[in-house]
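Reading through the structure tokens given below for one structure.
The values are calculated or read from the model by the stated rules, or taken from the named source; none is laboratory data. None of the values given here were measured: they were computed from a predicted structure. We place every Cβ from the backbone using ideal geometry, glycine too, and count neighbours over all the protein chains shown. For the accessible areas, the whole protein counts, side chains as well, though only heavy atoms, and no ligand, DNA or RNA atoms are used. Shrake-Rupley method; radii C 1.70, N 1.55, O 1.52, S 1.80 Å.
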Protein chains: 4
Amino acid sequence: MKKLNIGMIGYGFMGRAHSNAYRKVSNFFDLEYQPVLKAACARDAGKVKEFAQKWGYESTETDWRKLLERKDIDAVDICTPNNTHKEIALAAAKAGKMILCEKPLSMNAAEGEEMVRAVESAKVPNMVWYNYRRVPAVTFAKQLIDQGKLGRIFHFRAKFLQDWTISADVPQGGQGLWRLDVHAAGSGVTGDLLAHCIDTAIWLNGSVKNVSATTETFVKERKHNLTGKVEPVGIDDACIFMCRFANGSMGNFESTRYARGHKAQYIFEINGEKASIAWDLHDLHRLSYFDHRDEGPLRGWRSIHVTDGDHPYMKHWWVPGLQIGYEHSFVHQVADFIEGLSKGKPASPTFRDALETQRICDAVLKSAKTGTWENVAS
Amino acid sequence: MKKLNIGMIGYGFMGRAHSNAYRKVSNFFDLEYQPVLKAACARDAGKVKEFAQKWGYESTETDWRKLLERKDIDAVDICTPNNTHKEIALAAAKAGKMILCEKPLSMNAAEGEEMVRAVESAKVPNMVWYNYRRVPAVTFAKQLIDQGKLGRIFHFRAKFLQDWTISADVPQGGQGLWRLDVHAAGSGVTGDLLAHCIDTAIWLNGSVKNVSATTETFVKERKHNLTGKVEPVGIDDACIFMCRFANGSMGNFESTRYARGHKAQYIFEINGEKASIAWDLHDLHRLSYFDHRDEGPLRGWRSIHVTDGDHPYMKHWWVPGLQIGYEHSFVHQVADFIEGLSKGKPASPTFRDALETQRICDAVLKSAKTGTWENVAS
Amino acid sequence: MKKLNIGMIGYGFMGRAHSNAYRKVSNFFDLEYQPVLKAACARDAGKVKEFAQKWGYESTETDWRKLLERKDIDAVDICTPNNTHKEIALAAAKAGKMILCEKPLSMNAAEGEEMVRAVESAKVPNMVWYNYRRVPAVTFAKQLIDQGKLGRIFHFRAKFLQDWTISADVPQGGQGLWRLDVHAAGSGVTGDLLAHCIDTAIWLNGSVKNVSATTETFVKERKHNLTGKVEPVGIDDACIFMCRFANGSMGNFESTRYARGHKAQYIFEINGEKASIAWDLHDLHRLSYFDHRDEGPLRGWRSIHVTDGDHPYMKHWWVPGLQIGYEHSFVHQVADFIEGLSKGKPASPTFRDALETQRICDAVLKSAKTGTWENVAS
Amino acid sequence: MKKLNIGMIGYGFMGRAHSNAYRKVSNFFDLEYQPVLKAACARDAGKVKEFAQKWGYESTETDWRKLLERKDIDAVDICTPNNTHKEIALAAAKAGKMILCEKPLSMNAAEGEEMVRAVESAKVPNMVWYNYRRVPAVTFAKQLIDQGKLGRIFHFRAKFLQDWTISADVPQGGQGLWRLDVHAAGSGVTGDLLAHCIDTAIWLNGSVKNVSATTETFVKERKHNLTGKVEPVGIDDACIFMCRFANGSMGNFESTRYARGHKAQYIFEINGEKASIAWDLHDLHRLSYFDHRDEGPLRGWRSIHVTDGDHPYMKHWWVPGLQIGYEHSFVHQVADFIEGLSKGKPASPTFRDALETQRICDAVLKSAKTGTWENVAS
């Protein structure tokens, strides 16, 4: 089997999730390339060594520029905060490395456009880790839509609800909390959570024409972990937006970190002329499905336990009824990335695909300021 | 419209449930006869007057023998404790009255046989209030089975779980608590709760051949409300039994009043070769249905909201999505009883139908004593 | 017991629901007044006679002006299409009748203001039939909020989804379908369905400051039942709006008749600092509740079966575990209306309460046209 | 880190599940020993090589006796059919190897006793792969019971329902189907599925005194894959049993492979005086919990999403809300086995623990034949 040498930048939550995916994929999928954990890179030499040892990385680097110079690295995986994605990606493209970049692609669409130009002119394979496309139930939803099972779509609804920042004592910034720091994250729930919903939405339901949004920051000031001072909070704590898709359907999106009782409740529902589907990350191995073509009195929402061999990706795992979890979506994404290399047909979402999400996020944040409908740039 | 003059004996929980049914049925169903609340009867003159006034009964009696002598009474409704059913029913049959008797039919099969002989030789219309047959979702289950949707049946499972007698401070006997007094009730959960499960089971799945059972009385002594003394508890607090149906399928039944968290959770599930169904009294307007003939990857349990016009009884009520409740099962039973009069085809379960449940209960209680399988008498 | 003589105007779906409530309330509640079904009124003499007979109305009228002249009528119930509410209500107030008016109060806020002035200057008791306030689970939600169980509110979310107009073959206008005719209904889902959501929202979460909305009419033309011709559809088939409440919380509302699989799915969820609650009309006897003060690892959403004696209204019905249905909300509303008469403290929502919903609907429809945020008039 | 050299015997479903656990455990847990995939062993040289390559085993063997002779093997993992467990385990104990044996321990209690004597006299660490003890929700249930949250236990109920053998065309015997061959499996659902339920039950609720059971073989003959002939089916297709636990509670167990719609629905529910808990393998990351001590009207079943850092094992994985799956239970069991080695306190269930399950299975199968209650041997 051919080797695909991975250089990992960052070692946080996503560094672990991706490392696990690289390590597992060859045990469960038959692929042309086997990922090899070649090098882990982070500024803190001690911590990156510990991480490398835990996961079996063969070597470490403390400067990502050094990593990019290494000839034994085929692909770099960018798992650092959002405000570093562009610089690293541009350099990686120049160095001719394949790039797997954690979502969101960038701080905004302008950055994203530079990144797309970079990878496309360098012709390096590239992908953004919108992992929820590869949850089997979500992939199955895509198949059903593509088969025409839903018919004309009238409504797309998505929510991503959390509750972990309700306490005003949660600080902002620094290790593990950079998502609350507007300088590192770019935005709050819009870029962190709604970006996931948007990525799924455009994949399942096509492009978005325009949006009308509102945002809120419930806790106005928080202690900043890096400065030690109480500072204004620059991110959006919550965001609601309405939109129109190019296919004429209506979108309703909402995200917040102030919905008590929801840890990571990413839900979407799609209502078509003939059928509807719904999915909930909290029970990610199930898909809800209603088919109007069922015999009249027997119509009802079906709860499909997406664990059979004829469900997407599932023949690679266990037996019907035995569920997989969150981490498996990353394994699937690595498998598809490698398939894409073999077939010369890139796995989605590429940087270009992910740029569309960035443009919608920009329109959402703009509308929240202007109070009017904003077109999505194209 | 012709009148059907009702004489109600008893004014407890069931007295109210049945009175409500008689009062409502003509508003929602087009029937040949309209029930008229002619007389209410109970020993306590004050209480029965109050009851009669509340419900619009035209008159009262304090002796059920007097009620039976009245020419203006067409049908008597027996809502008194189990140990009085036989005597009243025999006299009512002799007086030529139609009889609607609260379940269980009797204290045991021997009593039940006498009652069946009485009503059949007097040729009076008769019915036992196993109301759950008329919950639309349950009636719908019956239709699906009769249509052959399930194919060969392998399993029938039913539970009736409550938790209201866990505290040892709950007394036995007397008003509202006679169900805990073996002399008034005959048995505990077997006659009170499992009788419901058994009635539904034989209706849906045919007769039972033999049973193996175990019972338990967790709280051995309770204060008796009538004597004021602490006395041994004679009823079964819990009962589990296994059985074989005549069609070869296996039954698993359980009831208890010691299942913390369950108020009145009557659940059944039927597994057939082609399809399965399940129902839960706590959400009585829903039926769960799994059909193996659905397209492979789209198979899943459907939650059918049984509120459409093409569901049993539902065209008489509101519009799709708007649920009815517990009390409506009694309205349907009155409607069917009257339909039965019109068509000369008695509504089930008749006394004879209900006798079979009595025989199974007897076999269950016997098996719990002998520790072996017992055949159901026929 | 004193009598409360009812004059019913209209005999459609709501005529039945209200009649049932008047008939039942005294069987289950101890009240100072007993409603008497004195007269039913509608233009079609034959149909209103049939209706009166079915429900036990003592007399009929074919002209509502005649009904208002009758001395033996204490209260009139307006169950006619929306475009007739104002005229009848103004005349009824002038005639000194109590008025129970089906929701929505009026075609728009201007009409509603006239109606409020009329009943307030005439000092006649008045109420609007926003019945969902009296579903026990919803009333219980109100109690929990009033007790401070939720703390500061961050989010209010409501949806009312149906699917019965997806087919372009459904005609508009005429008996049973006037809700699709803009001239009779005033608006589509906004006045018919969102009005319910808004009424509940302002009751539970206080007043709304401003809104931003979008509407859609998916099927542009339908045959009109009265003219027999294909005519443009004037109503909104779907509506989404975002809003801010006076308490700073964010609202997200949506309604449609194009959500395949939903018959009458009215759902709301409220996220507070300490607890969250959610409710679904499809299982109206349950309330979902999450309390952050529960012991850490034991936190979870509770599904409360709102059927206990200590739940609102429930001591009047059956026993724990036995559910009531849709129709009971109307019984409760009659009971509260009569309680209000006895205590001289009107039951909500009065015409004045309902006017606020009308103002929000107006702002929603205006915003859908202007594409900007609109303040709610006060 | 110290190494723990694993010799795997068998490469089927469980060979994969265990290999995955050995490979992953060190990435997520800090342990004294790191498992090393030293050798894989199976009769078919080609297939075992392929398996070894897929999973990274360093070497292969085709004779398990040879594997036991190797000095570089610390622990053997027995993943072969049930009828081979005893012989291999006895030899492994003699060779001084640690033994991790797939469940059930043996064909019957007599075999199991020999095995227990062997490992205990050889003093080799030993464990049986009853993996469901390590599903976090199940481990959490154990914690709650041990904390006394449930109080006195009244009822234990468990079901393990599948539907994959309904078709009479499913053959018996041979690769992947040895579970249907009584000579290889010993019994049907009793040893395969109920053994899981029993293991969990005795862990959570203590020992079982006596049982009364019934079994059924619905399809009497099936083609045998090894002989190519239609042969009588010797296994039980379905089994129901009732039992008494030593603590006085009542047990109700059922398993079948003829429950249409259930892939691997392992459910249990425990009713205690103060609280109840329920779990379902189909949503294994949730635990249902009802606590009677909750404030009266707020009582309800909680659905606990067992994914927080303070839930068993979960701090090792992702973040709250992100679920793990079936395979993780094996990772946890390896982690606990290694912890046991470090602390000199063996991880449960040991061979001795698993022998109790074997004795209960024997009593169940005996009772199914005798039709009476059978005591569990001790």
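Taking the criterion of being open to solvent by 10 Å² or more (accessible area, probe 1.4 Å), in contact (Cβ under 8 Å) with a residue 24 or more places away in the chain and either within 14 Å of chain A (Cβ to nearest Cβ) or in a helix (DSSP H, G or I) (or both), the only residue of the stretch D:367-378 that qualifies is D:Ala368. The single condition from (1) closer than 21 Å to C:Asn131 by Cβ; (2) within 13 Å of chain B (Cβ to nearest Cβ); (3) in a helix (DSSP H, G or I) that C:Tyr11 fails is (3).
For the stretch B:235-256, filtering for residues that are touching a strand residue (DSSP E or B) at 6+ places or on another chain (Cβ under 7 Å) and more than 7 Å from chain D (Cβ to nearest Cβ) leaves 13. Scanning the stretch A:293-305 for residues that are of a type outside the set (Gly, Ala, Ser) and part of a strand (DSSP E or B) yields A:Trp301, A:Arg302, A:Ile304, A:His305.
Among the residues of the stretch C:119-148, those that are open to solvent by less than 20 Å² (accessible area, probe 1.4 Å) and among the small types (Gly, Ala, Ser) comprise C:Ala137, C:Ala141.
Looking only at residues of the stretch A:236-248 that are under 20 Å from the mean Cα position of the chain (by Cα) and buried (at least 24 other Cβ atoms within 10 Å of the Cβ), we find that the one that is nearest to D:Val306 (Cα to Cα) is A:Ala238. Taking the condition of a type in the set (Ser, Thr, Tyr), over 20 Å from A:Ala17 (Cα atoms), modelled with pLDDT of 95 or more and in contact with a strand residue (DSSP E or B) (Cβ under 7 Å, 6 or more places away or on another chain), does A:Ser342 pass? Taking the combined requirement at face value, the residue does not satisfy it.
Every residue, every condition in (1) outside any helix (DSSP H, G or I); (2) under 20 Å from A:Glu269 (Cα atoms), yes or no:
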{"site": "A:His183", "(1), (2)": "no, no"}
{"site": "A:Ser187", "(1), (2)": "yes, no"}
{"site": "A:Gly191", "(1), (2)": "no, no"}
{"site": "A:Ile198", "(1), (2)": "no, yes"}
{"site": "A:Ala201", "(1), (2)": "no, yes"}
{"site": "A:Val211", "(1), (2)": "yes, yes"}
{"site": "A:Thr215", "(1), (2)": "yes, no"}
{"site": "A:Val219", "(1), (2)": "yes, no"}
{"site": "A:Lys223", "(1), (2)": "yes, no"}
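Every listed requirement among (1) surrounded by 22 or more Cβ atoms within 10 Å (Cβ to Cβ); (2) touching a residue at least 40 places away in the same chain (Cβ under 8 Å); (3) closer than 28 Å to C:Glu339 by Cβ is met by C:Met107 save one, (3).
A single member of C:Gly251, C:Gly296, C:Gly321, C:Gly325 is open to solvent by 10 Å² or more (accessible area, probe 1.4 Å) and of a type in the set (Gly, Ala, Ser), and it is C:Gly296. If the condition is being outside any helix (DSSP H, G or I) and open to solvent by 20 Å² or more (accessible area, probe 1.4 Å), then the stretch A:66-78 contributes A:Arg70, A:Lys71, A:Asp72, A:Asp74. For the stretch B:243-257, the condition holds for no residue, the condition being that it is part of a strand (DSSP E or B) and within 27 Å of A:Leu150 (Cβ to Cβ). Cβ separations smaller than 8 Å between residues 6+ apart or across chains give the following pairs from the stretch C:202-216 residues that are over 14 Å from C:Gln358 (Cα atoms) to residues that are part of a strand (DSSP E or B) and small (Gly, Ala, Ser): C:Asn205/C:Gly251; C:Ser212/A:Ser212; C:Thr214/A:Ser212; C:Thr215/C:Ala238; C:Glu216/C:Ala238. Can you name the number of the only condition in (1) more than 10 Å from every other protein chain (Cβ to nearest Cβ); (2) within 23 Å of A:Leu105 (Cβ to Cβ); (3) surrounded by fewer than 23 Cβ atoms within 10 Å (Cβ to Cβ) that A:Asn210 fails? Unmet for A:Asn210, out of (1) more than 10 Å from every other protein chain (Cβ to nearest Cβ); (2) within 23 Å of A:Leu105 (Cβ to Cβ); (3) surrounded by fewer than 23 Cβ atoms within 10 Å (Cβ to Cβ): (1). Per the conditions (1) surrounded by fewer than 24 Cβ atoms within 10 Å (Cβ to Cβ); (2) under 16 Å from B:Asp192 (Cβ atoms), the sole criterion not satisfied by B:Leu90 is (2). Restricting D:Ala354, D:Ala347 to those that are surrounded by fewer than 24 Cβ atoms within 10 Å (Cβ to Cβ), more than 7 Å from every other protein chain (Cβ to nearest Cβ) and not in a strand (DSSP E or B) reduces the list to D:Ala347.
Annotation: of all residues in the stretch A:149-188 being within 22 Å of A:Ile277 (Cα to Cα) and of a type in the set (A, V, I, L, M), the one that is surrounded by the fewest Cβ atoms within 10 Å (Cβ to Cβ) is A:Ile153.
Note on the stretch A:299-318: residues that are open to solvent by 30 Å² or more (accessible area, probe 1.4 Å), within 14 Å of chain D (Cβ to nearest Cβ) and in contact with an Asp or Glu (Cβ under 8 Å, 6 or more places away or on another chain) amount to 0. Among the numbered conditions (1) away from chain A (no Cβ under 14 Å); (2) closer than 30 Å to D:Val219 by Cα, the only one that D:Ala275 does not meet is (2).
Within the stretch D:189-203, the set of residues being open to solvent by 10 Å² or more (accessible area, probe 1.4 Å) and either among the hydrophobic types (A, V, I, L, M, F, W, C) or within 14 Å of chain B (Cβ to nearest Cβ) (or both) comprises D:Ile202, D:Trp203.
Scanning the stretch A:79-112 for residues that are under 18 Å from the mean Cα position of the chain (by Cα) and in a helix (DSSP H, G or I) gives A:Asn82, A:Asn83, A:Thr84, A:His85, A:Lys86, A:Ala89, A:Ala109, A:Glu111, A:Gly112.
Within the stretch B:263-292, being part of a loop (DSSP other than H, G, I, E, B) and open to solvent by 10 Å² or more (accessible area, probe 1.4 Å) holds for B:Lys263, B:Glu273, B:Lys274, B:His292. Test D:Ala259 against the stated conditions and say whether it is within 14 Å of chain A (Cβ to nearest Cβ), hydrophobic (A, V, I, L, M, F, W, C) and either open to solvent by less than 10 Å² (accessible area, probe 1.4 Å) or at positive phi (or both). Here the answer is yes, as D:Ala259 does meet what is asked.
Scanning the stretch A:157-171 for residues that are more than 12 Å from chain C (Cβ to nearest Cβ) and touching a Ser or Thr at 6+ places or on another chain (Cβ under 9 Å) yields one hit, A:Phe160. Taking each residue of the stretch D:24-43 that is within 14 Å of chain A (Cβ to nearest Cβ) and looking for partners that are open to solvent by 10 Å² or more (accessible area, probe 1.4 Å) and of a type in the set (Phe, Trp, Tyr) with beta-carbon atoms closer than 6 Å, six or more apart or interchain, yields D:Leu37/D:Tyr57; D:Ala40/D:Phe51; D:Ala40/D:Tyr57. I'd like to know if the stretch A:285-292 contains one or more residues that are in contact with a Gly (Cβ under 8 Å, 6 or more places away or on another chain), among the hydroxyl-bearing types (Ser, Thr, Tyr) and in contact (Cβ under 8 Å) with a residue 24 or more places away in the chain. Yes, some residue in the stretch A:285-292 is in contact with a Gly (Cβ under 8 Å, 6 or more places away or on another chain), among the hydroxyl-bearing types (Ser, Thr, Tyr) and in contact (Cβ under 8 Å) with a residue 24 or more places away in the chain. If the condition is being acidic (Asp, Glu) and in contact with a strand residue (DSSP E or B) (Cβ under 7 Å, 6 or more places away or on another chain), then the stretch A:56-108 contributes A:Glu58, A:Glu61, A:Asp72, A:Asp74, A:Asp77, A:Glu102.
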